[in-house]
Amino acid sequence: MTGSLVNRPPSPLATVVRTGGTVSARFEREYATDVDDAWSVLTEPDRVARWLASVTIDSAGAGGGFRLAFGDGEARFAIDECDPPRTLAVRWLHGDGDSAVRVDLAATGERSTRLTLQHSRLEPRTATGYAAGWHVYLDALRAHVEGGTAPDWDVDWPRLESVYRETLD
C-alpha cells in the first residue's frame, strides 16, 4: 500500500549544509521499535528490500561491501564501520568520487529508537536528490516498522527534491 505525503503528517526535513565544495544531509527520526529490531531492518537483506532496495552482500562486516539494486541501477558500497546494533558507516562508491553514509541507532525507550543518518561528501548538483531520496526511504522504513501507508516515490520524491533545492539555494 502506498500513498503520497498528502495523506500523512509530514516527517521532519533533513538538515542540509554546504561545507566547502560538498554538501551533507542529516536526518533524525524516531521509530517505535527497539534497537535490535532497527538494526535488523538496516542489515538483513530481506528486510532492507522491503523499504530500500534489494541487497547483495559481497562480504559482511567492516572491510566488506554490498550492492543495492535501485530502480535506476545498482549502487556499490564499502563498509567502513559496523558496530551492531549501534553504528553502520559505509562509503557509497560513485564513479566520480565517494560519498559517506553513517547511521547511528540509540534507544530512547523500551520500544523506541532514534535513527540518525548522515550522508556527507555529496556533490552540490546531486545533493538535493539524495536528501529527497533518503527522506522518502526513511518514511518507507517507518511504514515497514510501524505499519501504515508507504510513501509514493513518484509523487513524494519530486516534491521533496524541490523543497530541499530551496533550502540549499
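Coordinate-derived values only; no laboratory data. Owing to the predicted nature of the structure, the values given are computational and were not obtained by experimental measurement. Reconstructed Cβ throughout: ideal geometry from the backbone, glycine too, with neighbour counts over all protein chains shown.
Ordered by residue, what ³J(HN,Hα) values in Hz, to whole numbers, does region 150-161 give under the Karplus form 6.51 cos²θ - 1.76 cosθ + 1.60, where θ = phi - 60° and Gly and Pro are x?
6, x, 9, 3, 5, 9, 6, 4, x, 5, 5, 4
Tell me, in nm to one decimal, what length is gained between residue 159 and residue 18 on full extension, where the rule is 0.36 nm per residue of separation less the Cα-Cα distance?
Taking residue 159 through residue 18 to full extension adds about 48.7 nm, to one decimal.
With a cut-off of at most 10 other beta carbons within 10 Å, and DSSP calling the residue loop, which GluC sites (Glu not before Pro) in region 66-169 qualify? Please list them.
For GluC sites (Glu not before Pro) across region 66-169 that sit outside H, G, I, E and B with at most 10 neighbouring Cβ atoms in 10 Å, the list reads 110.
Amide H to amide H, which residues 5 or more places from residue 33 or on other chains are under 5 Å from it, using H placed in the peptide plane?
112, 113
Simple spin-label model, 7 Å along Cα-to-Cβ: residue 57 to residue 110 in nm?
According to this spin-label approximation, the distance is 3.1 nm.
Normalised radius of gyration for the chain, please: alpha carbon Rg relative to 2.2 N^0.38 Å, two decimal places.
0.99
Which net charge results when you count Lys and Arg as +1 and Asp and Glu as -1 among the other residues whose beta-carbon is under 12 Å from that of residue 98?
0
Could you give the size of the charge dipole of the chain about its Cα centre, using +1 on the Cβ of each K and R and -1 on the Cβ of each D and E, expressed in debye and rounded to the nearest 20?
280
Which longest uninterrupted range of the chain lacks any trypsin sites (Lys or Arg not before Pro) assigned by DSSP to a loop state (not H, G, I, E or B) and surrounded by at most 15 other Cβ atoms within 10 Å?
The longest uninterrupted stretch comes out as 1-85.
If amide hydrogens are placed 1.01 Å from N in the peptide plane, which non-local residues have theirs closer than 5 Å to the one on residue 54?
HN-HN under 5 Å from residue 54: 69.
So what are the ³J(HN,Hα) numbers for region 12-26, from phi and the Karplus equation (6.51, -1.76, 1.60; θ = phi - 60°), rounded to whole Hz, Gly and Pro as x?
Couplings: x, 6, 6, 8, 10, 10, 9, 10, x, x, 10, 10, 10, 10, 10 Hz.
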